[in-house]
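Data first, discussion second: the structure below is written as structure tokens.
No lab work stands behind these numbers, since they all come straight from the coordinates. What you see is a predicted model, and the numbers here were worked out from it, not measured in a lab. So basically every Cβ, Gly included, is an ideal-geometry build from the backbone, and we count neighbours across all protein chains shown.
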């Protein structure tokens, strides 16, 4: 049964979508950018935006008593692939190198709010 998952500690959606949807043992999380839940502006730079985007994912995960360790797949969208190294450093720091989820990383022409990075994720609910 599909369940909408919301966190007041992650930015609210800026369109007609949910922060996350739980169904069939998985949690599908919408993309998060580097903006705090209570601030309208983005963090400065790709490093800070990546860190905040992952913190936003952590806030949504926490609503279902999950952590980054429960994430099995992410997609990282970068406005500029030249920022890959900076993003990757923060990503590795927060997810860990040995237990990092599967990942795709793509460069896109533009992101919401002109963000430098956006990250979505899928986590396992039942272990």
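Taking Cα atoms only, the orientation of helix 45-62 departs from the longest principal axis of the chain by about 0 degrees.
Taking each pair of different alpha-carbon atoms in the stretch 3-124 once, compute 1/r for the pair, average those values, and report the inverse of that mean as the Kirkwood hydrodynamic radius in Å to one decimal.
Details: mean 1/r = 0.0706 Å⁻¹.
Evaluated over the stretch 3-124, this radius sits at 14.2 Å.
What's the ranking of 100-111, 28-39 by average number of surrounding C-beta atoms within 10 Å, highest first? It would help to have the intermediate numbers written out before the result.
Values: 100-111: 12.3, 28-39: 19.0.
By packing density, highest mean first, the sequence is 28-39, 100-111.
Tell me what the chain gives for mean residue ellipticity at 222 nm when only DSSP H runs of n ≥ 4 count, each as -39,500 (n - 2.57), the sum divided by the residue total, rounded to 500 deg cm²/dmol. Kindly include the intermediate steps, with their values, before the conclusion.
Values: 2 runs with 30 residues, N = 127.
The helix-only estimate for the chain comes to -7500 deg cm²/dmol at 222 nm.
Got the relative contact order for the chain handy, in percent, Cα pairs under 8 Å and 6 or more residues apart? Before the final figure, lay out each step's value.
On the way: 255 pairs, mean separation 40.1, N = 127.
Result for the chain is 32 percent.
Comparing 98, 83, 70, which has the greatest mean-square fluctuation in the GNM of the chain with Cα pairs linked when under 10 Å apart? Most flexible of the set in this elastic network: 98. FRET efficiency for the pair residue 88 and residue 14, taken as 1/(1 + (r/R0)^6) with r the Cβ-Cβ distance and R0 = 25 Å, rounds to 0.45. The angle between the Cα long axis of helix 84-95 and the longest principal axis of the Cα atoms of the chain comes to about 30 degrees, rounded to the nearest 10.
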